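Participant: Let me begin by handing over the structure; questions about it come next.
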Amino acid sequence: MVELDVQIPTAFDPFADAENLDGTGAKEYVHIRIQQRNGKKCLTTVQGLKGNFSYDKILKDFKKQFCCNGNVVQDKLMGKIIQLQGDQRKNASQFLVQAGIVKKEQIKIHGF
């Protein structure tokens, strides 16, 4: 048998080191969505908050300030999601910015 010195090219991933950056190139967004329930009822969801925040304390402040009910739901793909009763998109985004949890540029509001 003849042995050949052939180098097999490997796949080059130009974004492999992008995960190590501290948010300089990529932004992690906080998504605030509204979901229609039945009739006029709707549900506001907040997802994408970093894991080092206490979701229960944020939810408690949301409920006090907006006079609504809510809960924290654990999702397999999205992680923890805060759900609030009613259309609280503007209120939630203003609260998150004023509390210094996220910057205004990191918030994406979805819905009608």
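Just so you know, all these numbers are worked out from the coordinates, no wet-lab data involved. Note that this is a predicted model, so its numbers are computed, not measured. So basically every Cβ, Gly included, is an ideal-geometry build from the backbone, and we count neighbours across all protein chains shown.
Participant: For a Förster distance of 22 Å, can you work out the FRET efficiency between the beta-carbons of residue 31 and residue 52, rounded to the nearest 0.05?
Facilitator: 0.75
Participant: Quickly work out the residue 41-to-residue 105 label distance, labels modelled 7 Å from Cα along the C-beta direction, and quote it in nm with one decimal.
Facilitator: Here the modelled spin labels are 4.0 nm apart.
Participant: Does segment 37-86 classify as rounded, prolate or oblate by the C-alpha gyration tensor (a ≥ b ≥ c root eigenvalues; a/c under 1.5 gives rounded; else a/b over b/c gives prolate, otherwise oblate)?
Facilitator: Working: a/c = 2.93, a/b = 1.29, b/c = 2.27.
Since a/c reaches 1.5 but b/c is at least a/b, the shape of segment 37-86 is classed as oblate.
Participant: Which of the lysines could a cross-linker span from residue 80 if the Cα-Cα distance has to be under 25 Å and same-chain partners fewer than 8 positions apart are dropped?
Facilitator: In chain and number order, the partners are 27, 41, 50, 57, 60, 63, 64, 90, 103, 104, 108.
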